[in-house]
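FYI, it's all coordinate maths here, none of it is from the lab. It should be emphasised that the depicted structure is a prediction, and the values quoted were computed from it without experimental measurement. Here the Cβ positions follow ideal geometry from the backbone for every residue, glycine too, while neighbour counts run over all protein chains shown.
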Amino acid sequence: MPPTNTPLPPTPTNTPIPPTPTNTPPPPTATPTGGAALVLYDNAFRNGFSDGSFSTVSKNACDTTTYTSASCSYAVATGPYGALSFRHAGVDTGPYARFEFTMRPNGQPLSNYAVAFYSTRGAWLGEVVLGQSRVVATLPNGWVRVAVPLSELNPGAALVGEIDISSTRSTQLAKVNFDDVRLVAP
């Protein structure tokens, strides 16, 4: 019999078991508070968003003739059902309460436009046709601030890959301008 102070050779019963990896979720993302915003466009596309606009007759990503925050706005004239489209690899809208932007419709009814959200896989998440009830502020020089609750655009809180401000019409529309496009926290 071996002496009692001699370590035993490794066996299945006394071999240390290394820790196994777990499916521990990553730490939570910081939640914006107090009206914090994720800017999609303000004089340029921001925070990983890019221009995916489609069915446009003309567009100018930095129109310096009119804007709500210096020094330019996005001007676009759409063809039938065209859109100013914001593309992203995947944005979590969970920390935010509303989608907000300023718009200069140039005399066109707001109902000529809708906001639609799509998942990173291209699935439709929600759409809201604009109207006066979506205007939260009337600004100088024909501009309005529009806000749509995310509960109407992304009720399942899916990762968003595309946000469109699109024409609801089957005809060409005149130029409109957009500025200060953002997701806003409560």
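See the values below:
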| item | result |
| --- | --- |
| Residue match in segment 39-52 (condition: more than 17 Å from Val148 (Cβ to Cβ), surrounded by fewer than 20 Cβ atoms within 10 Å (Cβ to Cβ) and among the aromatic types (Phe, Trp, Tyr)) | yes |
| Residue tally, condition touching a Pro at 6+ places or on another chain (Cβ under 6 Å) and among the charged types (D, E, K, R), over segment 97-148 | 1 |
| So Phe117, is it crowded, with 21+ Cβ neighbours inside 10 Å, free of Cβ contacts under 8 Å to residues at least 60 places away in the same chain and within 11 Å of the chain's Cα centre (by Cα) | yes |
| Candidate set from segment 130-141 (those that are surrounded by 14 or more Cβ atoms within 10 Å (Cβ to Cβ) and of a type outside the set (Lys, Arg)); member that is farthest from the chain's Cα centre (by Cα) | Leu139 |
| Test set (1) within 16 Å of Asp92 (Cα to Cα); (2) part of a loop (DSSP other than H, G, I, E, B) - Ala174 fails condition number | (1) |
| Residues being of a type in the set (D, E, K, R) and over 21 Å from Thr138 (Cα atoms) - total across segment 94-123 | 1 |
| Among the candidates Ala83, Ala123, Ala61, Ala70, residue that is among the aliphatic types (A, V, I, L, M), over 20 Å from Ala36 (Cβ atoms) and surrounded by 20 or more Cβ atoms within 10 Å (Cβ to Cβ) | Ala83 |
| Flag if Asp179 is buried (at least 20 other Cβ atoms within 10 Å of the Cβ) and touching a Cys at 6+ places or on another chain (Cβ under 9 Å) | yes |
| Of all residues making up segment 122-148, the number that are over 24 Å from Gly90 (Cα atoms), small (Gly, Ala, Ser) and assigned to a strand (DSSP E or B) | 1 |
| Subset of segment 33-69 (residues that are touching a residue at least 12 places away in the same chain (Cβ under 8 Å), under 19 Å from Pro140 (Cβ atoms) and not aromatic (Phe, Trp, Tyr)) | Asp42, Asn43, Asp63, Thr66, Thr68, Ser69 |
| Of the criteria (1) surrounded by 14 or more Cβ atoms within 10 Å (Cβ to Cβ); (2) among the small types (Gly, Ala, Ser); (3) in a helix (DSSP H, G or I), which one Ser151 fails | (1) |
